[in-house]
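First comes the structure, then the notes that go with it.
The values are calculated or read from the model by the stated rules, or taken from the named source; none is laboratory data. Source: prediction; values computed, not measured. Using ideal geometry, Cβ is built from the backbone for each residue, glycine included, and neighbour counts are taken over all protein chains shown. Just so you know, the surface numbers come from the protein's heavy atoms only, side chains and all, with ligands and any DNA or RNA stripped out. Shrake-Rupley method; radii C 1.70, N 1.55, O 1.52, S 1.80 Å.
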Amino acid sequence: MSVMRRALLAGSQSVWLRERAMRYGFVRRSVSRFMPGERMDDALEACRRLQAEGAGTIVTRLGENLTSAAEAESVTDHYREVLQRIDDSKLNTQISVKLTQLGLDLDRELCLRNLMALAEQASRLGNFVWIDMEATPYVDPTLDLFRRAIDRWPNVGVCLQAYLYRSAADLESLLPLGPAIRLVKGAYMEPPELAYPRKRDVDANFYALSARLLGEDARRRGARCAIGTHDPRLVERLQDLITRTGVPRETFEFEMLYGIQRGLQSRLIRGGWPLRVLISYGEYWFPWYMRRLAERPANVTFILRSMVAR
Ligand code: FDA
């Protein structure tokens with residue numbers, strides 16, 4: 001892991017930095033590259049635009065590690081409203097939640113109740129709930145709650161991170177459930193005892209996990225694969241695999257973040273590949289934004305440019 005990436009990820013957890021950075025106009029301006037706005041309306045408007053271009057969307061409200069049950073319930077109510085607004089506006093839009101937003105740090109059963117309430121409403125509206133994967137201490141509780149949720153609500157999917165050694169075994173243990181899984185590389189700072197330190201190994205594991213999930217055996221069990229990457233090389237290799245082995249369209253989709261690799265997103269849409277774009281919104285964007293910078297430290301130059309353009 002590069003020094004810059006390590007510094008940015010460490011910065012993402014700094015309260016001191018967060019309190020200062022969020023006040024500066026030039027930081028806020030550079031955030032707008034990755035986020036259409038702080039309000040739910042901004043996100044839904046972006047969903048509408050992307051739908052007109054041919055992409056599905058996912059929305060997620062930023063915020064993690066809440067400290068009271070009331071906050072977790074208020075986030076749950078917020079997402080219920082989002083699900084209703086999506087339905088009213090006939091948008092091809094799903095939601096994605098972090099379990100720490102639903103109260104995982106406070107009380108696992110409370111978190112499950114909140115998750116189940118969202119899954120139930122989404123099911124009633126013919127929609128879908130994705131569960132994000134957070135840093136390693138949360139992997140076991142997240143998978144536990146996912147297993148309990150999918151037992152009742154098949155319209156719930158979970159994210160697995162290719163940088164973790166354990167993800168191959170986690171994938172095998174989940175396959176009998178016929179799950180929808182979003183594969184990503186992983187965005188947190190993890191030690192080499194738990195995660196591949198070299199990008200090349202993460203990429204190789206991403207391909208191997210995707211191939212397993214797109215394979216006939218997994219599909220026969222009902223699995224679906226969301227390929228969550230902006231890596232053009234991986235996208236191309238997986239397109240080749242999908243075409244060569246005749247993976248049916250309804251069993252996979254590409255997923256990317258708003259504002260990242262827009263050219264690749266357009267090419268996928270033009271080529272008729274299923275694409276869903278994840279749109280974040282909300283006021284608590286600092287840790288999330290630092291993770292986006294860490295993914296591509298060259299992004300720091302965008303901040304510097306917006307600083308000059310002040
Ligand atoms: P990689 O980092 O190799 O980037 C490939 C190319 O994409 C780069 O060369 C660059 O061109 C471009 N790129 C990537 N990131 C960029 C950025 N921030 N700014 C500008 N260009 C960039 N992580 C996690 O731990 N838990 C989760 O729940 C999720 N959820 C999630 C959902 C979806 C839909 C996506 C697409 C991603 C996530 N992630 C995530 C984030 C993920 O783990 C990972 O950090 C990023 O996707 C970046 O990795 P790539 O696969 O894009 O490859």
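Within the same chain, lysines fewer than 8 places from Lys90 are excluded, and of the rest, those with a Cα less than 27 Å from its Cα are Lys98. Comparing Val129, Val156, Val247 in a Gaussian network model of the chain (Cα springs below 10 Å), the most mobile by mean-square fluctuation is Val247. The amide H of Asp132, built 1.01 Å from its N in the peptide plane, has Val97, Lys98, Leu99 as neighbours under 5 Å, considering only residues 5 or more places off or on other chains.
Treating r as the C-beta distance of Arg198 and Ala7 and R0 as 25 Å, the FRET efficiency rounds to 0.85. Over every Cα atom in the chain, the radius of gyration and the widest Cα-Cα span, Dmax, amount to 18.5, 55 Å.
Segment 53-144: D in µm²/s via Stokes-Einstein (Kirkwood Rh, Cα pairs, 4 °C, 1.567 mPa s)? Estimated diffusion coefficient is 97 µm²/s.
Computing FRET efficiency as 1/(1 + (r/R0)^6) for Asp107 and Arg267, where r is the C-beta to C-beta distance and R0 is 41 Å, gives about 0.35.
Taking the radius of gyration and the Kirkwood hydrodynamic radius from Cα positions alone, what is the Rg/Rh ratio for segment 74-196, to two decimal places? Taking Rg over the Kirkwood Rh, I get 0.98. Compared with the alpha-carbon gap, the fully stretched path from Ala117 to Glu283 is longer by 57.4 nm at 0.36 nm per residue. Across segment 154-160, computed HN-Hα scalar couplings (Karplus, 6.51 cos²θ - 1.76 cosθ + 1.60, θ = phi - 60°) run x, 8, 10, x, 9, 9, 10 Hz from first to last residue, x flagging Gly and Pro. Label separation (Thr245 vs Glu216): 1.0 nm, computed from points 7 Å beyond Cα along the C-beta direction. From its DSSP helices (H runs of at least four residues, each -39,500 (n - 2.57)), the chain gives a residue-normalised ellipticity at 222 nm of -15500 deg cm²/dmol. Proximity of backbone amide H atoms, modeled 1.01 Å from N, is registered between Gln94 and Thr57, Ile58, Val59 at under 5 Å, excluding neighbours fewer than 5 places apart on the same chain. Largest accessible area first, the residues Ser30, Ser74 order themselves as Ser74, Ser30 under a 1.4 Å probe with ligands, DNA and RNA left out. Counting 0.36 nm for each residue step from Arg124 to Arg166 and taking away their Cα separation leaves a gain of 11.7 nm. With both labels modelled 7 Å from their Cα along Cα-to-Cβ, the Glu71 to Arg233 distance reads 4.0 nm. Rolled with a 1.4 Å probe across the full set of protein chains, the surface gives Asp140 an accessible area near 100 Å². Candidate membrane-span-like segments in the chain, meaning DSSP H helices with Cα atoms spread over at least 15 Å of their own axis and a Kyte-Doolittle mean of -1.0 or above, are 40-53, 69-88, 108-124, 139-152, 199-214, 232-245, with no membrane implied.
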